[in-house]
Amino acid sequence: MKSPIVQSEAGITLAGGGPFGRRDLALCLARAPVAVAADGGADRLLRLGTMPRAVIGDMDSISDAARARIPIANQHLVPEQSTTDFDKALRLVEAPVVLALGFAGARLDHGLAAMHTLVNHPDRRCILVGPKDVAFAAPARLELAVAPGDPLSLFPMAQVSGRSVGLEWPIDGLAFAPAGQIGTSNRVIASRVVLEFDAPGMLVILPRRRLDAAIRSLRPAAGRSAARGG
């Protein structure tokens, strides 16, 4: 694997070319203040007044106007076409948490590709931030501080089984698979949820208001200091 293009102990907001607004960007930058763009995400960052630390991708979506504004040294061409720009950018950044904005909510195929990338790079501890939900690849053990009544969905991207505490419908003994048992539309019944999985490949989906809880679950020490009332 190549050395990271951007490293940050504070967290990285990774912007894609899908729709997001000023409030969405402010939400993410408050928690992950280093802005990086995946290809055409640079145009959206610039329109919202944020200069990306780096632009990473095959450069087929970024506009000529954006390329003229961003220093050449901050533009990193990755010409291969076998992966998405999200995948290219995610594997070339390193941070305690990456908040991926602008990769969900526009096209269904782009959203599916983004979720595929999440489970392929669980070491990047990346949270996909959508208009209403957040999603991330579950580690082997996960503790979440949430609230009774919160929805919590589990979607397997591979064959996986596990155990749960704090869910209305426990997952113990279930064999999950993309074309088999899934775990969407579950519900939280306690202030603390514990999930354990026997293999990688499970996506956790929470309401966006629980973004801080998701951050804390993936980066406990830093998340407590950065979170704001999640």
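The values are calculated or read from the model by the stated rules, or taken from the named source; none is laboratory data. In this text the structure is predicted, and so the values were computed from the model without any measurement. Because the Cβ atoms are built from the backbone with ideal geometry, glycine has one as well, and the counts that use them run over all protein chains shown. In case anyone asks, the SASA skips ligands and DNA or RNA and just uses the protein heavy atoms, side chains included. Shrake-Rupley method; radii C 1.70, N 1.55, O 1.52, S 1.80 Å.
Brief remarks on what is shown
- The residues of the chain present an accessible area of 46 Å² per residue when probed at 1.4 Å with all protein chains retained.
- A simple count of charges around residue 62, restricted to other residues whose Cβ falls under 12 Å of its Cβ and scoring Lys, Arg +1 and Asp, Glu -1, yields -3.
- The H on the amide N of residue 13, modeled in the peptide plane, is under 5 Å from the matching H of 34, 35, 36, 99, each at least 5 residues off or on a different chain.
- Shape of the range 137-205, Cα gyration tensor, a/c cut at 1.5: prolate
- Working note: Karplus 6.51/-1.76/1.60 with θ = phi - 60° gives the range 83-93 the couplings 10, 7, 5, 4, 4, 4, 5, 5, 6, 10, 10 Hz, where Gly and Pro are set to x.
- Remark: relative contact order (the chain) = 17 percent; criterion is Cα-Cα distance under 8 angstrom and separation of 6 or more residues.
- Simple Cβ-charge dipole of the range 1-97, Lys/Arg +1 and Asp/Glu -1, about Cα centre, in debye nearest 20: 380
- Cα gyration tensor, the range 8-58 - rounded (a/c under 1.5), prolate or oblate: oblate
- Using a probe radius of 1.4 angstrom, the carbon and sulfur fraction of the accessible surface of the range 1-129 is 53%.
- Shape class for the chain: prolate, because the ratio a/c of the largest to smallest gyration tensor axis (alpha-carbon atoms, square roots of eigenvalues) is 1.5 or more and a/b beats b/c.
- Computed over protein heavy atoms with a 1.4 angstrom probe, the accessible surface ordering of 72, 56, largest first, is 72, 56.
- Mean separation of Cα contacts under 8 Å, 6 or more apart, over the residue count of the range 29-103: relative contact order %: 30
- Adding -39500 (n - 2.57) for every DSSP H run of four residues or longer, then dividing by how many residues the chain holds, sets the calculated 222 nm ellipticity at -6500 deg cm²/dmol.
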